[in-house]
Structures are given as C-alpha cells and as structure tokens.
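> Shown below is the structure under consideration.
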Amino acid sequence: MSNNLRLSLANLPPLIKRETLFANPDKLNLQISPDGKYITYMAPDKNNLLQVWIRNIDKPNDQILTTNKKYCIRSYLWSYNYEQIIYSQDVNNNGNFQIFALNIKTRKITNLTPKKNVQARIIALDRKFPYQLLVGLNIRDKRKHDVYQVNLKTGKTTLRVKNTGNFIHTIADAEFKVRAAIGMTPDGGSTLSIKDNYQKPWKVIRSWGPDESGTALGFSENGKVLYILGNHNAETIRLSALNLKTRKESIIAQNLQYDVNATFIHPTKRYVQAVGFYKDKLQWQVLDKSITADFQALSKIHGGEFRILDRDLADKIWLVAYNADNGPTHYYKYNRVTKKSQRLFSNKPALENVKLAQMQPISYRSRDGLRIRGYLTTPVGISPNKLPTVLLVHGGPWIRDTWGYNPMVQWLANRGYAVLQINFRGSTGYGKKFLNAGNREWGRKMHEDLIDGVNWTILQGIADPKKVAIMGGSYGGYATLVGLTFTPNVFAAGVDMVGPSNLLTLMESIPAEWNMVKARFYYRVGNLEKEADLLKSRSPLFFVNRIQAPLLIAQGAKDPRVKQVESEQIVVAMRNANKNVEYILYPDEGHGFTRPQNRLHFYAKVEEFLGKYLGGRIEPMTNTSGHSGIIK
C-alpha cells in the first residue's frame, strides 16, 4: 500500500460493519390490507430469516405471522377476503416456487401448490372473487405454465386455460377470466393474443419483432380496453390503450428518450393514474388530475425518490417509500383526505446516522459515439483522486443500474474504493436502439463500453489505473471473466459471482421453464446451432492463458440458470495453467446468495481479496457461523 493511499484511508469515516450493511433489512415490502385495517411487511426473525409481520394500522402492535425455518419468504400479497395472505417461497432454493395461504387469525398455513418439481406463479387475485386465486403451474409441460384456479377455502385446484401458444404471461380481466396473453415466437419476438369471448379461441392481434419489446398491463374495468406497454412504431416503450373492438391504440404517455418504467393503476376502477420514467432518477408524470395534489404533497414530505407501494380499496390510505442514495429507505403512511403523512420507520435504522457516500449520475461517449450513462460513488472524507476503483457490473444483462442506496456500493466506498456502475449498451430503459446495440455484443462492444467507462474515470483523475478491479454477478460475473481474459492489462483483480464462463454450455443448459425465451437468447446472444464459433469466441473459458490478475469465484450449487460447471470448468482450467484463482462453493444456494450467513461469509472473503490486491480497508473476519461456504 502506498503512503498516499494509507493517508487517504485514515481520513475515511469509521468502518461500517458488514453485518449492518448486508444483513436483511429491518423491514421491507410494506402492504396495507384491502380494508385498510392492517399494515404488513417482511422482517427478519430471531434467526435472521425474512418472515411476514402484521400490525394494526394505527398502533405498532407488531406480530410475526410466518415461521419458516430455512429460507426467507421472497414475496406475498393480501387476498381480498381480508383473512388470508398469499406468499411464494422457493422451499428447496432451486427455482421451483410454491404458493402458500396464511390465515392471519388462526395462523394456519396451507400449501396451495404442493406438487414436487413444479414451478408456481401467481397470476391474479380479484376483489370480486375473494376466495379464488389464479396460478400458473408447469405440471403438464415443464416449458409452459397452464392457468389453474385455486379455491382458497378448500384448496381445490381446477385447470382453467391450457397454454397452447407459448405464453409466458397471462392476464385476467375484471371478471377473473384470462383473456390476454403474451407469447414467444420462434425468431425471438412476441405476440399479444386475446379472447374476445372467454369461450372462443385465442386470436393474435399484435406482434413484436425480436428487436422490439411489448407486454400487457391489464384490462379496464369494463373489459373493453387493454393497457399495453410497447415500442412498436416508436423508439421507446410507451403506454397505450388498445380498444379491443376497433383494435386501435391511443397513446397515453411516452418519453422520446426513456422507456416507461413504472405505472400507478387505480385499485378498483382499473385505469392508469400516473407513469414513471427512469432517467438518472425516477420522475413521475401524473395522468389523473384527481391525484395531482397528492403527488405534489408527497414530493415535499421527504427527500429522494418516492414510490407508492400500496393503498386500500377505498383509496384513502397510501403507503409510500422514499429512496435515497446515502441513507436507508423511509416509509410513510399518507392520508389522502387530510393530506397528512406519518413516518412509520426505515428499512435500516442502524444506517440513519451513518456517513454514507453519494451516488452521482455520469455520462460519456463510447468509442463508437453512443451516449453511455451510469453512476459514480466515491468515498466520504477523502479527495476523489487516483483512488482504487471497483467496476461493479450489473446482471441481466437486460436490466439497468439505478440511483439509490445499494449495500454493495456503500460497503466498497466505506472501505476506500471508488465504485463505477455502467449502463452499457443492451441495458434497458434507454430506448430500442440502445437495447439492440447490445445484440450479439457479449464480450465485445458491451464490454468496450465498460472499458471506456474505466478510461473515462482514469482521465477524470478519479481512478488509479493500476488499482482497478471488476466485479459482478450473473452477467456481471461473465463480464468479470471477460475483463480478465479479453482486457487483461486493465484490471488488477476480479470477483465473479455465478457468472457463465462458456456460452456454449450456458446455452445447452437453459432450464426447461426458460425454453420459450430461448429464441430471444439466440437472437440477442448467439445461436447455439448456427453460431457456435461466435459463442466460443466470446467465452472466457477458452482464453484462460491470457489471465494476469487474481480471480475470486463464488457459485451456488443449486443454481438452475448458471450451473455449477460454469464456475468449476474455468477454475480447473486456471489451475492447470497455474493462474491465481480462489473458489468458494455454497451447496445450499442458487442463482445468488439468499441466506444471511452465506452473504456475510462471501463479502468477508471478497473484502480480504480486494484489500490484498487493491489496498482498501478490511474489517476483521467476524463470526459467520452457519455459513455453508466451501473453499475449494
């Protein structure tokens, strides 16, 4: 470590414990019961597993509802009978979610989808049918989910709609009938099919090519209009109303540069009241004048971005979350009648008085002229000059990084690193042209955008060119392997979490339930049957001899998307070539690490690794008992 770096690190604020940053949030996923009597949320139990909790709307008499023993609950919904909460859980951590009903009074839990090796998806709940649930189950064909209706009183399951059209998304109308579906086409495009009458066959009424995006949001209350999001005949994804009788679309909201990112739909009247566009930060456009005063009031309550998480059926009480880059998320209860708000709590009280770093939007031109956007976070208390830097690459890759609190970013900044996040070509949210610029550019122009970002940071004087690491999960893990093989002189170290090393074996191992989106992978990444040479040329496994920097790899043994072999084959190849590689396997994890003990163990190992090769601060290894990590 240089003397300059040592002096800089001495000016940083106190170390924030990994446990504070990476433990489960104290509270998250707030919802209000449809009758407005209760607030529910997810929070850790004494074993640090996320469970569902409940309190009365006007007093904090919090009680735990669920008592799962091994894995966290991922998501839940209120039923409209006001008695049951519906939640989904990956009970074996292998991607096959099951759906459960919990009675809030008796605490009785019923597994509504108990079949083994079946993946369940919640499709619809409706206030007019309070004891019914529509679910998707791939019992008949692992590649397709048929629609079943489940009686929440008896548990009886009835097949309602067979998936005859390669459907990946189905939509029910206000009468609880599935009348719209999004299907995949052999070329990687998609279709919108509808039933004008529930008894009639499906009819394709809209098509999107493989270079376009489109989906359906939901039906109007009278069932005559379908709200859709799509970029057909447009550069960006816009919100439209499709008249199902005339087949004509009317545009409701659009931005010429950014896709629609969020929608706010009336809970009973079923029309869109506001849309959000994610620019550098989330910006709302109000469509319904009756809520203009409410959005104006919400913008003044607390700083940062806000999202309305939930509301009661009377549309009187809203639950609102405020997101910041340098602090926890704050939750408020807002009364539309009085226009008054009440702060409920934050998701991480331990961070409320901690000095956290600010995330700054950045942009630069790629080497071929594209405008590339992203975020830069530099440590608190030291000058942003020649800092050790971590390029943190998002997964997907067809998602994007956003502004706001990120525990990984704050952890790295607190240890003394600048953190660079880049929305490289192929990231979503910036329009059709930018998304399609990433087609067949894995390991090429998508990676060049990352390198251009690193060079921009060096030219700004922020990054030390000799101390730049690359790190990411899933696609970000692949980008890490690409960085160390295709641009070995740029990076001093790399951290790969569940990243594919060989695009040939990745394509061969696409799970059955992903089969209908396989054509889209072929279109955007490369065709396994016709373009094997292209895929091989973009696969880091075959270029291990180029690696110069040390590499840390972490993998979940139960990962259904990026199989264990993706990590182990490159570990073997690197060791055969006498390259510096460390490997951690978590036998009870899948595509990402969900168990708190495993997360703490993994980040402790990453911290030691980065500290060794980049020189940042290290919190001594603390007790991580209960983790499953195997150093191999």
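> Taking Gly165 as the residue in question, decide whether it is in contact with a Gly (Cβ under 9 Å, 6 or more places away or on another chain) and surrounded by fewer than 21 Cβ atoms within 10 Å (Cβ to Cβ).
yes
> Yes or no: Gly189 at pLDDT below 95, under 26 Å from the mean Cα position of the chain (by Cα) and within 28 Å of Tyr278 (Cα to Cα)?
yes
> Taking segment 557-573 on its own, how many of its residues are surrounded by fewer than 16 Cβ atoms within 10 Å (Cβ to Cβ), under 22 Å from the mean Cα position of the chain (by Cα) and within 18 Å of Lys536 (Cβ to Cβ)?
0
Residues are listed down the side, and each one gets a yes or a no for (1) among the polar types (S, T, N, Q); (2) more than 21 Å from Gly616 (Cα to Cα); (3) crowded, with 24+ Cβ neighbours inside 10 Å:
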{"residue": "Gly461", "(1), (2), (3)": "no, no, no"}
{"residue": "Ala469", "(1), (2), (3)": "no, no, yes"}
{"residue": "Ser474", "(1), (2), (3)": "yes, yes, no"}
{"residue": "Val482", "(1), (2), (3)": "no, yes, yes"}
{"residue": "Phe491", "(1), (2), (3)": "no, no, yes"}
{"residue": "Met497", "(1), (2), (3)": "no, no, yes"}
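> Residues of segment 398-433 being outside any loop (DSSP other than H, G, I, E, B) and either hydrophobic (A, V, I, L, M, F, W, C) or on the phi > 0 side of the Ramachandran plot (or both), which ones?
Result: Met408, Val409, Trp411, Leu412, Ala413, Ala418, Val419, Leu420, Ile422.
> What are the residues in segment 203-216 that are surrounded by fewer than 18 Cβ atoms within 10 Å (Cβ to Cβ) and either in contact (Cβ under 8 Å) with a residue 60 or more places away in the chain or not small (Gly, Ala, Ser) (or both), if any?
Residues satisfying the conditions are Lys203, Val204, Ile205, Asp211, Thr215.
> Here's something else I'd like to know. Assess whether Glu608 counts as being part of a loop (DSSP other than H, G, I, E, B) and either basic (Lys, Arg) or assigned by TED's automatic domain parsing to the domain that holds Ile510 (or both).
Judged against the criteria, Glu608 is not a match.
> Can you give me the ranges of the strands (runs of 3 or more DSSP E) entirely in segment 53-95 with at least 1 residues that are without any contact (Cβ under 8 Å) to a residue 12 or more places away in the chain and out of contact with any Gly (no Cβ under 8 Å at 6 or more places or on another chain)?
So the answer is 59-64.
> Hey, another quick one. Going through Ile362, Ile399 one at a time, which residue ends up being under 27 Å from Tyr613 (Cβ atoms), within 22 Å of the chain's Cα centre (by Cα) and modelled with pLDDT of 95 or more?
Ile362
Let's see how each residue does on (1) among the small types (Gly, Ala, Ser); (2) within 18 Å of Ser474 (Cβ to Cβ); (3) out of contact with any helix residue (DSSP H, G or I) (no Cβ under 6 Å at 6 or more places or on another chain):
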{"site": "Val354", "(1), (2), (3)": "no, no, yes"}
{"site": "Gln360", "(1), (2), (3)": "no, no, yes"}
{"site": "Leu370", "(1), (2), (3)": "no, no, yes"}
{"site": "Pro379", "(1), (2), (3)": "no, no, no"}
{"site": "Ile382", "(1), (2), (3)": "no, no, no"}
{"site": "Asn385", "(1), (2), (3)": "no, no, yes"}
{"site": "Gly395", "(1), (2), (3)": "yes, yes, no"}
{"site": "Asp401", "(1), (2), (3)": "no, yes, yes"}
{"site": "Asn414", "(1), (2), (3)": "no, no, yes"}
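> For segment 96-119: of the residues being β-branched (Val, Ile, Thr) and not in a strand (DSSP E or B), which is surrounded by the most Cβ atoms within 10 Å (Cβ to Cβ)?
Here the answer is Thr113.
> Separate question: Sort out which residues of segment 360-383 are touching a residue at least 12 places away in the same chain (Cβ under 8 Å) and part of a loop (DSSP other than H, G, I, E, B), and write them in order of number.
Within segment 360-383, Ser366, Arg367, Asp368, Leu370, Thr378, Pro379, Val380, Gly381, Ile382, Ser383 qualify.
> May I ask you to list the residues in segment 434-492 that are in a helix (DSSP H, G or I), more than 30 Å from Pro210 (Cβ to Cβ) and not polar (S, T, N, Q)?
Residues satisfying the conditions are Val454, Trp456, Ile458, Leu459, Leu484.
> Which residues, taken from segment 269-309, are more than 18 Å from Tyr405 (Cβ to Cβ) and among the basic types (Lys, Arg)?
If the condition is that a residue be more than 18 Å from Tyr405 (Cβ to Cβ) and among the basic types (Lys, Arg), then Lys269, Arg270, Lys279, Lys289, Lys300 are the ones that fit.
> Anything in segment 222-272 that is outside any strand (DSSP E or B) and under 22 Å from Lys195 (Cβ atoms)? List them, or say none.
Result: Asn222, Gly223, Lys224, His232, Leu244, Lys245, Thr246, Arg247, Lys248, Arg270, Tyr271.
> A further question follows. I'd like the full set of residues that are closer than 25 Å to Asn81 by Cβ, small (Gly, Ala, Ser) and in contact with a Phe, Trp or Tyr (Cβ under 8 Å, 6 or more places away or on another chain), limited to segment 116-171.
Once the filter is applied, which keeps residues that are closer than 25 Å to Asn81 by Cβ, small (Gly, Ala, Ser) and in contact with a Phe, Trp or Tyr (Cβ under 8 Å, 6 or more places away or on another chain), segment 116-171 yields Ala120, Ala124, Gly136.
> Look at Tyr76 and say whether it is of a type in the set (Ser, Thr, Tyr) and over 24 Å from Arg307 (Cβ atoms).
Considered against the rule, which asks whether it is of a type in the set (Ser, Thr, Tyr) and over 24 Å from Arg307 (Cβ atoms), Tyr76 comes out as no.
> Hey, can you tell me all the residues within segment 384-397 that are closer than 18 Å to Asn326 by Cβ and part of a loop (DSSP other than H, G, I, E, B)?
Pro384
Rundown of residues vs (1) touching a strand residue (DSSP E or B) at 6+ places or on another chain (Cβ under 6 Å); (2) among the hydrophobic types (A, V, I, L, M, F, W, C), yes/no style:
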position: Arg440; (1), (2): no, no
position: Gly453; (1), (2): yes, no
position: Gln460; (1), (2): no, no
position: Ala463; (1), (2): yes, yes
position: Ala469; (1), (2): yes, yes
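> Starting from residues that are among the hydrophobic types (A, V, I, L, M, F, W, C) and either in a strand (DSSP E or B) or without any contact (Cβ under 8 Å) to a residue 40 or more places away in the chain (or both), keep the ones in segment 136-157 and report whichever is nearest to Gln119 (Cα to Cα).
Leu137
> Starting from segment 11-22, keep only residues that are more than 16 Å from Val409 (Cβ to Cβ) and outside the structural domain of Gly381 (by TED's automatic domain parsing), then list their pairs with residues that are surrounded by fewer than 18 Cβ atoms within 10 Å (Cβ to Cβ) and among the small types (Gly, Ala, Ser) whose Cβ atoms are within a distance under 8 Å, requiring at least 6 positions of separation or different chains.
Listed by first residue and then by second, the contacts come to Asn11/Gly381.
The values are calculated or read from the model by the stated rules, or taken from the named source; none is laboratory data. Being a predicted model, the structure only gives us computed values, none of them experimental. Positions of Cβ are generated from backbone atoms using ideal geometry, with glycine treated the same way; all protein chains shown enter the neighbour counts.
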